Amino acid sequence: MQPLQFTCKKLPIPLLGFAVLLLISLASSCTEQEKNSLLQFLAGLLQDAGLAKLWQEGKDCCEWEGIVCSGNRTVIEVSLEHRGLEGSITHLLSNRTDSSVLQYFGLGNCSKLRVLKAGYNYLSGTLPDELFNATSLEHLSFPRNGLQGMLDGTHIFKLSNLAILDLGENKFSGMISDSIDQLKRLQELHLDYNNMSGELPSTLSNCTNLITLDLKCNNFSGELHKVGFSNFPNLKTLDLLLNDFSGTIPESIYPCRNLIALRLSGNKFHGQLSKGLGNLKSLSFLSLGNSFSNITNTLQIRSSKNLTTLLLGMNFMNETMPDNARIDGFENLRVLDMYGSLLSGEIPLWISELANLEMLSLQGNRLSGSIPAWINTLEYLFYLDISNNNLTGEIPTTLMAMPMLTSEKTVAHLDKRVFDLPVYHSPSLELRVPIALPKALYLSRNKFTGVIPPEIGQLEALISLNISFNNLTGPIPRSICNLTNLEQLDLSNNNLRGEIPAALENLHFLSDFDISNNDMEGPIPTGGQFFTFPNSSFAGNPRMCGPGLNHHCTSVEVGPPTGSRGLCGSNIVFPVSFNGTIQILRLGKPCFSNVSWIEE
């Protein structure tokens, strides 16, 4: 399972076709000229999804689907989102010379055009020059298309009334022009997922109404000190994820008291975080993965009491995890991620004070010692990743009593609020709510010894369990058959012995199973999900037999029933050899519905 991480890979574009929302205020009421303009607009599309036919059935365009008129019968809104319409922006806005279409769209005569949305499509080419004659535009939105070109200051920045500019997830390149300061009313600037570069211009400081600045996943570089962030008293979201920014964090960010979400991860920032961070009293989401230093100082900064998500991974490299740090302002923390920092020390006691914690990731460090007994006092914790460390000792039975994993009913008690910014859990998985993550225990690649506790069967809500690459011994507990919600089970690369409990066939949701490189023996179960698992799931167990393996089972190897193999409640199930084929013998109430033959 991947740690919480970040990626610039775009999510797939939904097959929604061309979606457009126009708010238009025209001087006249809905006349034949307006009607014809709308119909000719649709006629210019490659695919109108039958909308033109619907419109032709009505005489008054104010009654058409997707059309809204004011009280005096003037068209003020054309809303055609998600209707499967397709077309080219160049074809629609530039190449058409028909006078009625130009009057409707080309745009100099549409002086009251305020909102233009055409996102989540397959539009390509550059933004046509005619678009920038609509100087009344307040909202221009073309996200997730294939548009390209440079944001020339003599064009787009003529739209001085813009409050929202969203050109994210396209192919725009070049720098942000110094003319950005002409957009003095700008509240939201979305240029994420493009190929833009260069430093941020100092003139951006003059856009004093900014609420959202989203520049993630570009090639912006340089330091941030040129921008006076203190000029943005209303700033709520600053997302600079995965660029090439460097230097230290400017002090001008810390007076932004309305800032809710701050993401600086994936850049080249360095140095220590200033105590000014404690001034961000509204902060709820903080992501800092860079090359910052002094973890003790960072944790001692009195943080916002609103903080729910703290992502500190890939910082404080090779430092020691503070054990006795005094932490304030973390009482509402729900997500704590400190992965990949090579931190030494033990799992610190102060984590036990995070009473509302739901997700904890400490993977990819050098933590030693044992899993603390207090782990099950975190009554809301449902996701624990402590893999890739140097943890030792036995897996404690207290871990098998985590409240959120012992019953599905406990899910109702989890916080369902969304992340203030999406979190990327893998290159193709975008998370917007914490509970979208599986209920999971990741304990792999440590130095755990002893047996897998039989009490593991108590974790009935568990979906993913990985204890691979440890030094565990003994059998696979038959109580694992109680984990009926389990989808992933990885016990590979240990020293486990005995047979695979046939009762594991009862885990009908199990899609990933790996028991390779142990000392298992006996036949592989053939029912349930087991026929879907590749041979590699069982490799490295020379005494194991079954279809697909080099070692085929015989009736002698199967042996007589012992009364203990494959217990599932009052049932006893075991395989026998019949005409060279492994079959299932069952006694008592059947565990399975897919048994093809029963030996008398």
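The values are calculated or read from the model by the stated rules, or taken from the named source; none is laboratory data. Worth saying up front: this structure is predicted, and the values here are computed from it rather than measured. Note that each Cβ is placed from the backbone with ideal geometry, even for glycine, and that neighbours are counted across all protein chains shown.
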Flag if Leu437 is at pLDDT 95 or above and crowded, with 20+ Cβ neighbours inside 10 Å: no
Qualifying strands (runs of 3 or more DSSP E) (wholly inside region 353-409; at least 1 residues being of a type in the set (Gly, Ala, Ser)): 359-361, 392-394
Taking region 239-290 as the region of interest, how many residues are over 18 Å from Asn306 (Cβ atoms), among the small types (Gly, Ala, Ser) and within 23 Å of the chain's Cα centre (by Cα)? 3
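Could you check region 416-518 for strands (runs of 3 or more DSSP E) lying wholly inside it with 2 or more residues that are within 30 Å of Asp239 (Cα to Cα) and hydroxyl-bearing (Ser, Thr, Tyr)?
The strands (runs of 3 or more DSSP E) meeting that bar are 423-426.
Could you list all residues from region 381-408 that are crowded, with 20+ Cβ neighbours inside 10 Å and β-branched (Val, Ile, Thr)?
Within region 381-408, Ile386, Ile395 qualify.
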Matching option when the condition is surrounded by fewer than 21 Cβ atoms within 10 Å (Cβ to Cβ) and either small (Gly, Ala, Ser) or at pLDDT 95 or above (or both), among Asn209, Asn194, Asn218: Asn209
Residue by residue through region 463-487, note down the ones that are within 30 Å of the chain's Cα centre (by Cα), farther than 20 Å from Phe382 by Cβ and polar (S, T, N, Q). Ser468, Asn470
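Where in region 259-338 are the strands (runs of 3 or more DSSP E), entirely inside, with at least 3 residues that are surrounded by 16 or more Cβ atoms within 10 Å (Cβ to Cβ)? Talk me through it step by step, then tell me what you get.
Values: elements: 261-263, 268-271, 285-287, 309-311, 335-337.
Passing ranges, in order: 261-263, 285-287, 309-311, 335-337.
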Out of region 265-290, which residues are under 14 Å from Lys236 (Cα atoms) and not polar (S, T, N, Q)? Leu280, Lys281, Leu283, Phe285, Leu286
Among the residues of region 339-352, how many are part of a loop (DSSP other than H, G, I, E, B), hydrophobic (A, V, I, L, M, F, W, C) and out of contact with any strand residue (DSSP E or B) (no Cβ under 8 Å at 6 or more places or on another chain)? 2
Test of understanding: among Leu510, Leu462, which residue is surrounded by 23 or more Cβ atoms within 10 Å (Cβ to Cβ) and modelled with pLDDT of 95 or more? Leu462
Could you grab me the full set of residues in region 484-507 that are at pLDDT 95 or above and small (Gly, Ala, Ser)? Ser492, Gly498
If a residue has to be of a type outside the set (A, V, I, L, M) and either at pLDDT below 80 or closer than 16 Å to Asp214 by Cα (or both) to count, how many in region 140-171 make the cut? 12
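So that you can scan it fast, the table gives a plain yes or no per residue for (1) hydrophobic (A, V, I, L, M, F, W, C); (2) surrounded by 19 or more Cβ atoms within 10 Å (Cβ to Cβ):
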position: Gly345; (1), (2): no, no
position: Pro348; (1), (2): no, yes
position: Leu360; (1), (2): yes, yes
position: Ile375; (1), (2): yes, yes
position: Glu379; (1), (2): no, no
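Results for (1) farther than 19 Å from His139 by Cα; (2) among the charged types (D, E, K, R), shown as yes or no for each residue.
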site	(1), (2)
Gly168	no, no
Phe172	no, no
Lys184	no, yes
Gly198	yes, no
Ser221	yes, no
Pro233	yes, no
Leu273	yes, no
What residue, of Leu242, Leu238, is closer than 19 Å to Tyr424 by Cα, in contact with a helix residue (DSSP H, G or I) (Cβ under 8 Å, 6 or more places away or on another chain) and crowded, with 16+ Cβ neighbours inside 10 Å? Leu238
